Every structure is written in structure tokens, then in C-alpha cells.
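Remarks on the structure that follows.
Nothing in this text is a laboratory measurement; each read-out follows from the coordinates by a stated rule. Quick caveat, the model's predicted, so the values are computed rather than measured. Note: ideal-geometry Cβ built from the backbone for every residue, glycine included; neighbour counts use all protein chains shown.
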Amino acid sequence: MHFFQKYFNFKQSTIVFACLLVSWFSPAQAAWPNEKPIKLIVPSAIGSVTDTMARIVAPPLSQLLGQKIVIENMPSESGHVGTAYAITQKGDGYSLLYTSNGPLVIEPNMHSVRGRNFPWRDLSPISLIAYTPQILVINQEWGIENLAGLIKKLQETPGKFNVGSDGLSSASAVVARLFMQATNTDLMQVPYSSSQQMMSALLDNQIQIALLEPGVVEAQLQQNKFRVLASTSTVKANSYTLPTLDSIPTFTALGYPTLDTQVWHAILAPAGTPTRIVNKLNEAIQALLAEPSIQQKFQTLYFTPQSSTPYALSNRIELETVQWRNRLKSLSQAN
């Protein structure tokens, strides 16, 4: 009986999604004319986690809107270049930004003294997409069993070991600095242009520690090449389980609450995008995130889908901007 109930629930959700496709596919029902493709700007390299997630979202979103979507990658400066480019586009519905909290709330706080504006002030929030933790990973051959053993090793030999990051203004770089502050350790930060380069460096022992999103290192974890010692986020996935992380303690549980952080993705548009377009996009995103096939694809990258209203996303960005400003302030005062 339970099997048939699950089957019919899945079948019903599939029928609902199909009906949404039919009802929204006609360009005549679009919130704006189908004059040209929608440009989805991704401020990360092709093959990055952000890019991969954007490419999962783009096809069903295109179908729901009845509008072709073309992804445009603009990596550089921890997402600043692509984000700045998105801000300069017209708010006509033909330009969107798929990004993470790094370029929105972390990178601007690090460079606000150089006159950079906070980009979310020049963008129209549309919806959250998903979230995931970061995990602290070491090479399995190092032989360290837990976080306490790692910290002891680092404290005994300050400045000897390296930690990788996605760039000195990236979320992974800031979390690495927070880790050093919380554990009274000293590591040399080595920036890389991609997570793949960082993993290669970790395998080759060029770096000894990395803070990465779980989906990046899944293959290496299954092959027992890396060991995960802790996870940053205390928020548990509620729509599916994360088998690899089930037995991994959080930094907070281990006594380091300042490392309770999260990576999340969102879609925004240039400021001035009409409300009817923002609402249409938000409705479409909520529909696609409820689709089981999309949730399954997210699961393979250890992301939990989470939509939001534009207002809720705006509030989240404002709140986290202040939180990261305080974190970065504490780091600068410590130095």
C-alpha cells in the first residue's frame, strides 16, 4: 500500500508539473515579449558548482517561461566581474544573474573600502534556489582521524601547512580565515581559479586542507582519497538525506560556532525589472524546485532546494551582509 501511495503521489506531481508546462509554455501568455533569448549571467567558470547548478535550472525554467535561456559565464575576482556586468544590463527581463552569497554579501564587504558598491542594491531579488554546507577536507594519506587531531598538528607547526581557496575574496577564503582565528592556527592560503584545481593540489599534497562544497568532492570521497573532518552548516537538509555527511560533525557541535556558515544560490535581475516579470520568474522557480527530477539532480550535488519570495531574499541578503561585515571586522581586529 505504501508503495502505491508513493507511486501515485509521484504521478500526481508529474501531472501537475506537466500542466504547468502546458499553461506557461505559450509565448502569448509570457509576462514579456519573446523577442530574444534571456541571458543568464553566471559569475563563475564553466564546470564550477555554481555553473553546474545554473545549467540544471536553466532548461526547465526556459520551458516554464516559454523563453530561450542562454548561459553566459563571466568568472573573475570571486564573482565581482560577472555581478558588476549583470548590474549594467537593462531591467527588461532579458538578463538574469545566477549567483551565490559569496559575490553578493562576502566579496563586497571585503572591498567596500575601495569604493565598490554592494551589488544587491542595484539588483531585483527574485528567489533563493538552494543551499549547501562547506566541508573541511584533507588528504586521506595524512592519517589524521578528526578535527581535534588536525588542530593539534597545526598548532604544533604554525605556518607550515597550506589551505586552498577559490580566490582570496571568496567564501572559502574567508571561512579559512575564520577557522584559523577560531582554532588559533596559522595556515598559508593558496588561491585557485577552480575547485578542480584545488582538488588536484590536495591530492598532490601542494595544499593539505580545503574547504569545499560537498558535491565537488563526492567522487574522491567515494574513492576514499579524502577525509571530511567537519561541516560548516548546522542546517540539516529536510527534503532528502546527505549520506556522506550523516556521520560528520558540524563545527558548532565541536565547539566552533563562528564557523556556522552556508553557501546558497539565488537568481536576481537588474534593478528596475518590472514587477510582473519578477513575479512570473518567481512562480516559475517555485514550480521547478517542486519537481522531483530537479530535486534529484540537486541531491547529486548535495544541495537542498529552497525557493523564497523576492522580499524574503532581499531580507536575507541584507541580514547576511551585516553578519559577514561583523565577521570580517573581527578578523581585521585580530590581525
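Annotations
- A Förster distance of 25 Å, applied to the separation of the beta-carbon atoms of Thr157 and Asp204, puts the FRET efficiency at 0.80.
- Between the stretch 161-214 and the stretch 255-325, the alpha-carbon center distance in angstrom: 25 Å
- Debye, to nearest 20: dipole size of the stretch 135-261, +1 on Lys, Arg Cβ, -1 on Asp, Glu Cβ: 160 debye
- Restriction of the trypsin sites (Lys or Arg not before Pro) in the stretch 114-207 to DSSP coil positions whose beta-carbon has at most 12 other beta-carbons within 10 angstrom yields Lys160.
- Relative contact order (percent, whole number), the stretch 135-261, Cα cutoff 8 Å, 6+ residue spacing: 33 percent
- Entry note: the stretch 135-261 has Rg to Rh equal to 0.93, where both radii use alpha-carbon atoms and Rh is the Kirkwood radius.
- Filtered chymotrypsin sites (Phe, Trp or Tyr not before Pro), the stretch 145-220: DSSP coil and at most 15 other beta carbons within 10 Å: none
- Modelled spin labels at Gln223 and Gln296, positioned 7 Å past Cα toward Cβ, are 2.6 nm from each other.
- Extension gain from Asn146 to Thr234, taking 0.36 nm per residue of separation minus the Cα-Cα distance: 29.9 nm
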